[in-house]
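Scroll down for the structure; my scribbles are underneath it.
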Amino acid sequence: MKQLCIFPIPGSVTFPGTVFPLHVFEPRYRAMMQHCLDTGMEVAICHTEKTISEGRPTDSMEEALSSNRSTYKPVSIVSGGPCELAEMTDDGRMYLNVRLRKRYRLLGDVQTLPYRIAECEEFPDQVPDEAERHANDVLKDKIMHRLQVLARDNQIIPDLLSSEEWTLKSPDDFSFQLFGLIGFDPEYMQELLEMPSAHQRLVRTLDLLNQTA
């Protein structure tokens, strides 16, 4: 069991092994991130299920810095990790990097105001057998080839995927960290995050890529 601060952002599905940059300006979330920096508590950046309350529209950064915006219900499966402060502006805004390490299942709230802290349990992958490990190697190669074709007009991704860092990456790590490079609609991304094995993620990812023109 573990406690995490929860930062729900509509459309933001995050995966272990990736880094998520944050620009934080709402008062409650600045307080939350300062709490994480002070205590070492990890934070989960996650997609949302629904809006709990609508925030008041703001017309300026000054208003945004002094008022909280909409409140959301987070999804139940999230990725979390420690945060690092990159910069704090004179007006109090925070630029941070969240290094996402593991998946967690949210079990219940420890605190909801002024920000949410939840009790969580780790949500690990199922351990593959030898046949599945071999199948995952094949799937990884197919995905990398498909991305090479899809990104032929943008050399950055093909060059990166051809690097030793990515060719030597295990299929398990690849099945998560790939989504630091590419993305699908949030609902597809959340579906992938909730899958209990690298094999399922790789199969679904290849299927989605093959549907891409």
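The values are calculated or read from the model by the stated rules, or taken from the named source; none is laboratory data. Note that the structure is predicted; figures quoted are calculated from it, not measured. We place every Cβ from the backbone using ideal geometry, glycine too, and count neighbours over all the protein chains shown.
Selection within the stretch 63-121: residues that are β-branched (V, I, T), over 14 Å from the mean Cα position of the chain (by Cα) and outside any loop (DSSP other than H, G, I, E, B). The member of this set that is modelled with the lowest pLDDT is T71.
Only residues in the stretch 120-135 that are within 24 Å of I45 (Cβ to Cβ) count as the first member; pair them with residues that are modelled with pLDDT of 95 or more and part of a loop (DSSP other than H, G, I, E, B), Cβ under 6 angstrom, at least 6 apart or cross-chain, and list the lot. Cβ pairs passing all conditions: D125/S197. Annotation note: Cβ proximity below 8 Å between a residue of the stretch 20-40 that is in contact (Cβ under 8 Å) with a residue 12 or more places away in the chain and a residue that is in a helix (DSSP H, G or I) and surrounded by 16 or more Cβ atoms within 10 Å (Cβ to Cβ) (sequence gap 6+ or interchain) occurs for L22/M33; V24/R30; V24/M33; F25/A64; E26/A64. When each of N136, N154 is tested for being of a type in the set (S, T, N, Q) and part of a helix (DSSP H, G or I), the lone residue that passes is N136.
Kindly indicate whether any position in the stretch 159-172 is within 19 Å of M195 (Cβ to Cβ), touching a residue at least 60 places away in the same chain (Cβ under 8 Å) and under 21 Å from the mean Cα position of the chain (by Cα). No. Within the stretch 133-184, the set of residues being crowded, with 16+ Cβ neighbours inside 10 Å and among the small types (G, A, S) comprises A135, A151, S175.
Scanning the stretch 187-200 for residues that are buried (at least 16 other Cβ atoms within 10 Å of the Cβ) and either within 13 Å of the chain's Cα centre (by Cα) or closer than 19 Å to C46 by Cα (or both) turns up M189, Q190, E191, L192, L193, E194, M195.
May I ask you to list the residues in the stretch 184-213 that are in contact (Cβ under 8 Å) with a residue 24 or more places away in the chain and among the hydroxyl-bearing types (S, T, Y)? Those that are in contact (Cβ under 8 Å) with a residue 24 or more places away in the chain and among the hydroxyl-bearing types (S, T, Y): S197, T205, T212.
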